[in-house]
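Enquirer: Here it is: the structure, laid out below.
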Amino acid sequence: MFLLSILLLALGVALVVLRRRAVVEFRFATLAGLLVAVVGLLLGLSTFTHVVEPYEVAVPTSLGSVGSTWKPGLHLKSPLTEVTTFSTRPTDLNLTGNDTVEVRSSEGGVLYVDLTVKWSIDPEHTLALYRLSGSSENVQQRLVYPDAREIVRNVFAKHTSVEGYASQREVINAEMGRLITERMAPRGIIVNGVNLRNVKPSEVLQKAIDQKIQQDQATEQAAAAVLTAKAQAEQRRIEAESTAQANSLIASSLTDRILMSQCIEAFKAAAEKNPVYASPCGGSAAGGAPLIVDGTKR
């Protein structure tokens, strides 16, 4: 920019001088020369200032020497000074699509993890980040990106495939957020959040997970059937014992006299419908003699 301003200024002065010496016959050469000279002068003056936006922090460098950071506002500088700005706004690192992280569980199963890391720069550590990366874009590519992928792989390696795929996703997300935050904080990178968006198993692992789920369901059904069979067997045993006890009580309470008495009562009831009813009744006590009941009194 500084060299361009010098060239424009020199060109403007040359046009004015040549027009006055009648070397250039262009009618508006003087006006054009003045305009070019003014533009060159303005560009030259702009190389002595730099404006840092409210959401930025700037690092000036001059001939290999790094100066102190500039806060938002207008700053004077040398034309030879280069200014590198760092945005303090939160930035999203999306590890999806081609950047999806391939991880392995503690069992060796392959999972594909999509997540988002929200991070921003701590203005107090801008100089250190400049020396480590050189620019705001390189902070993400050289620091946040590789470290986040490494931590994701390490965390999933401590869990089984089923835990990573379903049962422990919230625990894993919290653990990754904690470890990434601890890794980035000393470097001046603030981690605002880690969002585990999706975990997809490979085709081979998906088949293994489905097979395990089916086996677990079959085991649970078999266990339930065993419990049901045991309950039914216990119920039948209790019913059989109850029936046996009832039969034993009946057998011990029935005698020949009781049977004869019940037989007589039964025939009395039958004789209500017949004038005379005769039938053998009784056991050994009655000698098996026939029993005659007169029912003519009804």
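Enquirer: Out of all the residues in segment 194-246, which are among the small types (G, A, S) and in contact with a Ser or Thr (Cβ under 8 Å, 6 or more places away or on another chain)? Don't jump to the end; show me each part of the working.
Expert: First, the residues of segment 194-246 that are among the small types (G, A, S): 202, 208, 218, 222-225, 229, 231, 233, 240, 242, 244, 246.
Of everything in segment 194-246, just one residue is among the small types (G, A, S) and in contact with a Ser or Thr (Cβ under 8 Å, 6 or more places away or on another chain), namely A208.
Enquirer: For segment 190-215, name all the residues that are surrounded by 19 or more Cβ atoms within 10 Å (Cβ to Cβ) and outside any strand (DSSP E or B).
Expert: Matches in segment 190-215: L205 only.
Enquirer: Could you say which residue among P60, P72 is under 28 Å from V117 (Cβ atoms) and outside the structural domain of H125 (by TED's automatic domain parsing)? Reasoning before the result, please.
Expert: Details: P60 fails: under 28 Å from V117 (Cβ atoms).
Going through P60, P72 in turn, just one is under 28 Å from V117 (Cβ atoms) and outside the structural domain of H125 (by TED's automatic domain parsing): P72.
Enquirer: Just name the residue that is farthest from L111 (Cα to Cα) out of those in segment 172-189 that are part of a helix (DSSP H, G or I) and among the hydrophobic types (A, V, I, L, M, F, W, C).
Expert: Within segment 172-189, the subset part of a helix (DSSP H, G or I) is 172-187.
In the following step, the residues that additionally are among the hydrophobic types (A, V, I, L, M, F, W, C) were identified as 172, 174, 176, 179-180, 184-185.
Working: I172: 13, A174: 18, M176: 16, L179: 20, I180: 20, M184: 25, A185: 28 Å.
So the residue we want is A185.
Enquirer: Also: When the residues of segment 43-60 are filtered to those that are in a strand (DSSP E or B) and of a type outside the set (D, E), which remaining residue is modelled with the lowest pLDDT?
Expert: Here is the first cut: in segment 43-60, the residues in a strand (DSSP E or B) are 49-52, 56-60.
Next, from what is left, pick out any that are of a type outside the set (D, E): 49-52, 57-60.
Numbers: T49: 78, H50: 81, V51: 86, V52: 89, V57: 93, A58: 91, V59: 91, P60: 90.
Within segment 43-60, the match that is modelled with the lowest pLDDT is T49.
Enquirer: For R178, state whether it is modelled with pLDDT of 90 or more, surrounded by fewer than 17 Cβ atoms within 10 Å (Cβ to Cβ) and within 25 Å of S133 (Cβ to Cβ). Lay out the reasoning, then the answer.
Expert: Values: modelled with pLDDT of 90 or more: yes; surrounded by fewer than 17 Cβ atoms within 10 Å (Cβ to Cβ): yes; within 25 Å of S133 (Cβ to Cβ): yes.
When the stated conditions are applied, R178 passes them.
Enquirer: Further question: If you check L127, L132, L93, L111, which single one turns out to be surrounded by 13 or more Cβ atoms within 10 Å (Cβ to Cβ), in contact with a strand residue (DSSP E or B) (Cβ under 7 Å, 6 or more places away or on another chain) and part of a helix (DSSP H, G or I)?
Expert: On the way: L132 fails: in contact with a strand residue (DSSP E or B) (Cβ under 7 Å, 6 or more places away or on another chain); L93 fails: part of a helix (DSSP H, G or I); L111 fails: part of a helix (DSSP H, G or I).
After applying the criteria, what remains is L127.
Enquirer: In segment 61-82, which residue that is part of a strand (DSSP E or B) and hydrophobic (A, V, I, L, M, F, W, C) is modelled with the lowest pLDDT?
Expert: Of all residues in segment 61-82, those part of a strand (DSSP E or B) come to 61-62, 65-66, 70, 73-76, 81-82.
With the extra rule that they be hydrophobic (A, V, I, L, M, F, W, C), the set shrinks to 66, 70, 74, 76.
On the way: V66: 87, W70: 89, L74: 87, L76: 82.
The residue in question is L76.
The values are calculated or read from the model by the stated rules, or taken from the named source; none is laboratory data. The shown structure was predicted, so the numbers you read here are calculated from the model rather than taken from an experiment. Reconstructed Cβ throughout: ideal geometry from the backbone, glycine too, with neighbour counts over all protein chains shown.
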